[in-house]
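Below: the structure, in C-alpha cells.
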Amino acid sequence: MAELHDTVEAAARLLDLIRGTDVRRLRLAVDDVRIDVERDDGTPAITQVTSAEMAGGAEAVGTGAVVAPLMGVFYQRPAPDQPPFVEVGQHVHAGQQVAIVEAMKSMNPVVADRDGVVARICVADGEVVEFEQPLLELAPAGSG
Amino acid sequence: MSAVRRMLVGNRGEIAVRIVRTCRDLGIESVVAHSTADRGSLAVELADRAVHIGPAPARRSYTNIPALLYACAKTGADAVHPGCGFLSEDPLFAAACGEVGITFVGPSPKHIALMGNKVDARAAMRAGGVPVLPASDGPVDGAYEARQAAGDIGYPLIVKAVAGGGGRGMRVVHRPEDLVPAYEDTRATARTLFQDDRVYLERYVPRGRHIEVQVLADSFGNVIDLGERDCTVQRRHQKLVEESPAPSLGDDLRRRLRRVAVAGAESIGYVSAGTFEFIVTDDGEPYFIEMNTRLQVEHPITEERTGLDLVEWMIRIARGEALPFGPGDVEPSGHAVEVRINAEDAGRDWAGSTGRVRGLRLPAGPGIRVDSHLYDGYEVPPFYDSLLAKIIATGPTREVALRRMDRALREFRCDGVVTNAAFHRTLLRDPGFASGDYRLGIAESLCSPQP
C-alpha cells in the first residue's frame, strides 16, 4: 500500500512538473529505467534511457533538480563578497556552474546538467547538504 | 561526563542495526549514515533519522571522514559509533571527531594507532608482559634482511604487513626458497591495501587454536575481562564460527589468557571495549597476535554469556561513566556459539553472491538470537562484505548450544541469494568439531573434498 501511495504521489509530482511545458506524453518505467518523453510536435525528447546511459551523461531536458555531487556545505557565491552564481529566473545552460559544495576546504563546482531557468533555490547559503540532495530546480527554457 | 543524546551510526548491515537497537534501549536518538546502495536498508528504516553521505563505493561514503563529520553537523549528532570495519580503527577519524567535539565511541586515537601498527603493538605487549612469537626486529627492508631474519626465526613463518590485521596482508612461508617471492608479494599487497608496504616476519604456528579475550576498560583505570572466544574455525584467515568458552582449553590456560589480556590493557592504559587475539600452540603456549580496538563481529556470544550489552558499555564508557563491577564480578556462564551466514557460493570457490532475498525465514525459539539486516525483498549489494546474518545459539552446555544451532540452521531459509549455511551444517556434523578438539585448517579440510 505504501508503495502504491508513493507511486501515485510521484506521478502527481511529475504531472505538476510538466504542466505548462510542451511535453505531451511522458512514459516512465522504473526498473532498468525507461523514460519516454514526447513533445507537442510529436518529436521524442528522450526515449528509452537506461540507467547505464544516464550515468554516461545523456543530455537531460525539461524540469529537474540539480543535486549535490557530494556531502558538504552549499555556497551560492564564488566568494562572500561576490554575486551569486545564479539567481531565480536566470537562464542557465548545460555545464554552467551554479553553486559550490565545499568539503574540507575543497571547492567542488556544481554544474547544471541541462539548459533551463532557475525556478527555485532549495537550500540556504551555508547549509550542510547530503549527497544528491536537490540544490536548485531548473524549469525548461521555453521554446527557444 | 559528556552527554550523548544523538548517535551517528557510521556503518551498515547488521552491525548498524545492532547499534540502532541499543541506542533505542538507552533513549539515545540514532542517525544512520548510509550510501546510495543502502538507501533501503533495515538500519535506515529503524533509525530515527538517516543521512545520505555518498555513493556506493565505501571510500566515497563509509570511509569518507569529511562526509561523516558533515553528517554530524547536519543532524546535530554529538557522538559517533563506528561499528566494525570501515572507520572503526582509523586513528585520524577518532582524532577528527575529538577535535570537533564529537564523542567517538571507542578508544583514543593513540591506542588505535598503537595497535594498528603491528610492530609497535608487539613491542608494547612484550613490554607489558604479554608473550609474543619470535619475529624480526621491526620491519624488514629488502630480500637480504628478510633471509637473515628468517634464519633466526625458522620455518614455517608468516610475512605480515605492519599496517595489516583482521587476516589481511599476510602470507605463510614453509620453505626458504618461497621466502623472497612471498616477501615481495606481501609488500605489493600491503601497498595496495594499506598504502604502507612495510612488512615483518613472525614464526607461524600451523595447527594452532585462535583464542581471543574480550576486555572492557573505563577511563578510571578499571579493566575487566569478559572471558574468551574460540575463533579457530576460519577460512583464509576469516572467521566463520566462534564459540565461548573455548572447548579445548584447560582452566589454567584459560585463567592465564584472561589475566594476560587484562595486564596488556592495563599496561597501555587502554579505554573502551577491546579484544586480545592469541594463537595457542599444540603444547598449550599462548602468544599475542593482535589487538582489535573496536567492537567485534562475534561480540554477541560474550553478551549471551555475561548478560552485558557491549554496545551499551562502549557508549557509557565513552560518556565518562565508571564500570560498576570489579575483577571477578562478571563471570560468564553457559555456552554460546555463533555462525556467520555469508553471501558466499561454496560451489564457486566461495565467491561473493548477490541477489534479492526471497522466502526469508530467520530461526527463533529457546536459546537462539539472530543479528541480521535481512528482510524479504532486500537486495544484497555487491559493494561490501558478505555478512548477512549471525545466528547465535546459547545453552547451559556446549552440547545443548550446538543442538540448538542445528535446529536454527534447519529453520533458516533465504532464497534468492546463495549462502554458506550448508557449510555450517557440515561443520556441526564433523566429529572433529563436535569433539571440541579442533585446530586451524578445519574449515579448509571440510570444504576441499566437496563441490
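The values are calculated or read from the model by the stated rules, or taken from the named source; none is laboratory data. Please read all numbers here as calculations on a predicted model, not as lab measurements. Cβ sites come from the backbone with ideal geometry, for glycine too, and all protein chains shown count toward neighbours. Please note that ligands, DNA and RNA were not included when accessible areas were found on the heavy atoms of the full protein model with its side chains. Shrake-Rupley method; radii C 1.70, N 1.55, O 1.52, S 1.80 Å.
Select from region B:1-10 the residues that are part of a loop (DSSP other than H, G, I, E, B) and open to solvent by 60 Å² or more (accessible area, probe 1.4 Å) and list them in ascending order.
Selection gives B:Met1, B:Arg5.
Can you work out which of the residues in region B:37-49 that are of a type in the set (Gly, Ala, Ser) and either open to solvent by less than 30 Å² (accessible area, probe 1.4 Å) or under 11 Å from B:Arg12 (Cβ atoms) (or both) is nearest to the other protein chains (Cβ to nearest Cβ)? Show your work before the answer.
Restricting attention to region B:37-49, the residues satisfying the condition of being of a type in the set (Gly, Ala, Ser) are B:37, B:40-41, B:43, B:47.
Then keep just the ones that are either open to solvent by less than 30 Å² (accessible area, probe 1.4 Å) or under 11 Å from B:Arg12 (Cβ atoms) (or both); that gives B:37, B:41, B:43, B:47.
On the way: B:Ala37: 12, B:Ser41: 15, B:Ala43: 16, B:Ala47: 15 Å.
Among them, the one singled out is B:Ala37.
I'm checking my understanding of the structure. Among residues of region A:89-100 that are more than 27 Å from B:Ala73 (Cα to Cα) and under 14 Å from the mean Cα position of the chain (by Cα), which one is farthest from the other protein chains (Cβ to nearest Cβ)? Walk me through it before giving the result.
Quick first cut of region A:89-100, residues more than 27 Å from B:Ala73 (Cα to Cα) only: A:89-96.
Filter again for under 14 Å from the mean Cα position of the chain (by Cα), leaving A:91-96.
On the way: A:His91: 30, A:Val92: 25, A:His93: 26, A:Ala94: 22, A:Gly95: 21, A:Gln96: 23 Å.
Step by step, filter region A:89-100, then rank; the result is A:His91.
In region B:337-365, which residue that is in contact with an Asp or Glu (Cβ under 7 Å, 6 or more places away or on another chain) and among the small types (Gly, Ala, Ser) is farthest from B:Tyr384 (Cα to Cα)?
Among them, the one singled out is B:Gly359.
Select from region A:101-123 the residues that are in a loop (DSSP other than H, G, I, E, B), within 14 Å of chain B (Cβ to nearest Cβ) and modelled with pLDDT of 95 or more and list them in ascending order.
Within region A:101-123, A:Val123 is the sole residue that qualifies.
Inspect all residues belonging to region B:390-403 and state whether any of them is open to solvent by less than 10 Å² (accessible area, probe 1.4 Å), assigned by TED's automatic domain parsing to the domain that holds B:Thr302, farther than 15 Å from B:Val241 by Cα and not in a helix (DSSP H, G or I).
yes
Considering each residue of region A:124-135, count those that are within 14 Å of chain B (Cβ to nearest Cβ) and either open to solvent by 30 Å² or more (accessible area, probe 1.4 Å) or among the polar types (S, T, N, Q) (or both), and give that number. It would help to see each step written out before you state the result.
Step one: filter region A:124-135 for residues within 14 Å of chain B (Cβ to nearest Cβ), giving A:124, A:126-135.
After this cut, where a residue has to be either open to solvent by 30 Å² or more (accessible area, probe 1.4 Å) or among the polar types (S, T, N, Q) (or both) as well, the list is A:124, A:126-127, A:130, A:132-134.
Within region A:124-135, residues that are within 14 Å of chain B (Cβ to nearest Cβ) and either open to solvent by 30 Å² or more (accessible area, probe 1.4 Å) or among the polar types (S, T, N, Q) (or both) number 7.
Kindly indicate which of B:Gly377, B:Gly367, B:Gly436 is surrounded by 18 or more Cβ atoms within 10 Å (Cβ to Cβ) and at pLDDT 95 or above.
B:Gly367
For the structure I just gave you, tell me whether B:Leu68 is crowded, with 24+ Cβ neighbours inside 10 Å, of a type in the set (A, V, I, L, M), more than 14 Å from chain A (Cβ to nearest Cβ) and more than 18 Å from B:Tyr270 (Cβ to Cβ).
It is false that B:Leu68 is crowded, with 24+ Cβ neighbours inside 10 Å, of a type in the set (A, V, I, L, M), more than 14 Å from chain A (Cβ to nearest Cβ) and more than 18 Å from B:Tyr270 (Cβ to Cβ).
Which of (1) touching a residue at least 40 places away in the same chain (Cβ under 8 Å); (2) closer than 23 Å to B:Arg235 by Cα; (3) open to solvent by 60 Å² or more (accessible area, probe 1.4 Å) does B:Phe412 not meet, given it meets every other one?
Condition (3) is where B:Phe412 drops out.
Among the residues of region B:355-388, write down those that are of a type in the set (S, T, N, Q) and in contact with a Ser or Thr (Cβ under 9 Å, 6 or more places away or on another chain). Can you show your working first?
First, the residues of region B:355-388 that are of a type in the set (S, T, N, Q): B:372, B:386.
If the condition is that a residue be of a type in the set (S, T, N, Q) and in contact with a Ser or Thr (Cβ under 9 Å, 6 or more places away or on another chain), then B:Ser386 is the only one that fits.
With the requirement that a residue be open to solvent by less than 40 Å² (accessible area, probe 1.4 Å) and either more than 16 Å from A:Ala124 (Cα to Cα) or at pLDDT below 95 (or both), what does region A:72-93 give you?
A:Ala79, A:Val92
Out of (1) part of a strand (DSSP E or B); (2) modelled with pLDDT of 95 or more, the odd one out for B:Ala163 is which?
Exception for B:Ala163: condition (2).
Of the residues that make up region A:81-88, is at least one away from chain B (no Cβ under 14 Å) and β-branched (Val, Ile, Thr)?
yes
Among what's in region B:11-36 and is open to solvent by 20 Å² or more (accessible area, probe 1.4 Å) and over 23 Å from the mean Cα position of the chain (by Cα), pick the residue that is nearest to the other protein chains (Cβ to nearest Cβ).
B:Thr36
Whether any residue in region B:205-220 is part of a helix (DSSP H, G or I) and surrounded by 17 or more Cβ atoms within 10 Å (Cβ to Cβ) is what I want to check.
Looking for residues that are part of a helix (DSSP H, G or I) and surrounded by 17 or more Cβ atoms within 10 Å (Cβ to Cβ), one finds none in region B:205-220, hence no.
Being farther than 13 Å from A:Leu70 by Cβ and buried (at least 18 other Cβ atoms within 10 Å of the Cβ) is the filter here; which residues of region B:52-63 pass it?
B:Ala58, B:Tyr62 - these are the residues of region B:52-63 that are farther than 13 Å from A:Leu70 by Cβ and buried (at least 18 other Cβ atoms within 10 Å of the Cβ).
Please work out if B:Gly347 is in contact with a Ser or Thr (Cβ under 9 Å, 6 or more places away or on another chain) and of a type outside the set (S, T, N, Q). Write out each step before concluding.
Numbers: in contact with a Ser or Thr (Cβ under 9 Å, 6 or more places away or on another chain): no; of a type outside the set (S, T, N, Q): yes.
The answer is no for B:Gly347.
Regarding region B:108-128, can at least one residue be identified that is open to solvent by 30 Å² or more (accessible area, probe 1.4 Å) and within 12 Å of chain A (Cβ to nearest Cβ)?
no
Among (1) in contact with a helix residue (DSSP H, G or I) (Cβ under 7 Å, 6 or more places away or on another chain); (2) over 22 Å from B:Thr354 (Cα atoms), there is one condition B:Ala43 misses while meeting the rest; what is its number?
Of (1) in contact with a helix residue (DSSP H, G or I) (Cβ under 7 Å, 6 or more places away or on another chain); (2) over 22 Å from B:Thr354 (Cα atoms), only one is false for B:Ala43: (2).
Condition first: among the charged types (D, E, K, R) and part of a loop (DSSP other than H, G, I, E, B). Can you find one or more residues in region B:333-344 that meet it?
no
Pick from B:Leu193, B:Leu249: which is outside the structural domain of B:Val337 (by TED's automatic domain parsing), modelled with pLDDT under 95 and aliphatic (A, V, I, L, M)?
Details: B:Leu249 fails: outside the structural domain of B:Val337 (by TED's automatic domain parsing).
Answer to the selection: B:Leu193.
Considering only residues that are farther than 15 Å from B:Val9 by Cβ, away from chain A (no Cβ under 14 Å) and open to solvent by 30 Å² or more (accessible area, probe 1.4 Å), which ones fall in region B:71-94?
Matches in region B:71-94: B:Glu89, B:Asp90, B:Pro91.
With (1) open to solvent by 20 Å² or more (accessible area, probe 1.4 Å); (2) over 17 Å from the mean Cα position of the chain (by Cα); (3) among the β-branched types (Val, Ile, Thr) as the list, and B:Val280 as the residue in question, which single condition is left unmet?
If we test B:Val280 against (1) open to solvent by 20 Å² or more (accessible area, probe 1.4 Å); (2) over 17 Å from the mean Cα position of the chain (by Cα); (3) among the β-branched types (Val, Ile, Thr), just (1) comes out false.
So which residues in region B:169-185 are within 22 Å of the chain's Cα centre (by Cα) and not charged (D, E, K, R), if there are any at all?
Listed by number, the residues that qualify are B:Gly169, B:Met170, B:Val172.
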